Amino acid sequence: MVSAAGVAGVTELWSAALVLLAAFIGSFGSLYFKRGADRLKFNLKAVLGNYDLLKGVLVYGASTIFYVVGLKGGELSVLFPLVSTGYIWVCLISVRLLGERMNALKWAGIASIILGASLIGLGS
């Protein structure tokens, strides 16, 4: 049986949705890694007791599962640029949950990511 992705380069909508979901979930992995890194000590007991680092690993693992399943339904050249939306989520989450600040250059970068991912999607 030939998948839809194998026929004339079709990328299914569910596939793109799963990759976008994976990028969103993965951005929370970055948040947990940042929180864990702030308390990082370089010994095994401290690393294993750093629950934010462990949460980050679990969240990234879940994100990877969604990503891999999403890859089944489309072309990598279309789906991989959608992963860049994770940068957008990380910026928004870090402002909201870590108190970081955005400036005009960062907003321009987010706009560039959206534009670039859209152009690649339209080009398919």
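What follows is calculated from the coordinates using simple rules that are stated; it is not laboratory data. Small disclaimer: the values here were computed from a predicted structure and weren't measured. In this analysis, Cβ positions are derived from the backbone assuming ideal geometry, glycine residues included, and neighbour counts consider all displayed protein chains.
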query = Sequence-distant or interchain residues sharing an amide H contact under 5 Å with GLY73, placed H: which?
reply = none
task = Would you work out the charge dipole size for the chain about its Cα centre, treating the Cβ of every Lys and Arg as +1 and the Cβ of every Asp and Glu as -1, and quote it to the nearest 20 debye?
result = 580
remark   = Projecting the Cα atoms of LEU105, VAL95, THR85 onto the charge dipole of the chain, where Lys and Arg contribute +1 and Asp and Glu -1 at Cβ, the residue farthest towards the positive end is VAL95
task = Give me the Debye-computed log₁₀ of I(q)/I(0) at q = 0.15, 0.16, 0.21, 0.22 Å⁻¹ for the chain, equal point scatterers on Cα only, no solvent, two decimals.
result = -0.77, -0.84, -1.12, -1.17
request  = Name the lysines eligible as straight-distance cross-link partners of LYS45: C-alpha to C-alpha under 21 Å, and not fewer than 8 places from it in the same chain.
outcome  = LYS34, LYS55
key: Per DSSP, loop chymotrypsin sites (Phe, Trp or Tyr not before Pro) in region 1-107 with at most 14 further Cβ within 10 Å   = PHE42
message = Output the 0 to 90 degree angle, nearest 10, between the alpha-carbon long axis of helix 85-98 and the longest principal axis computed from the alpha carbons of the chain.
response = 30
request  = Return LEU92, LEU119 ranked ascending by Cβ neighbour count within 10 Å, so the fewest neighbours appear first.
outcome  = LEU119, LEU92
remark   = To the nearest 10 degrees, the tilt of helix 104-122 (Cα long axis) against the first principal axis of the alpha carbons of the chain is 30
inquiry  = How charged is the neighbourhood of GLY56? Take every other residue with its Cβ under 9 Å from the Cβ of GLY56, and add Lys/Arg as +1 and Asp/Glu as -1.
reply    = +2
task = Determine the calculated [θ] at 222 nm for the chain from helices alone, applying -39500 (n - 2.57) to every DSSP H run no shorter than 4 residues and normalising by the residue count; nearest 500 deg cm²/dmol.
result = -23500 deg cm²/dmol
query = Could you put LYS106, LYS34 in order, starting from the residue whose Cβ has the fewest other Cβ atoms within 10 Å?
reply = LYS106, LYS34
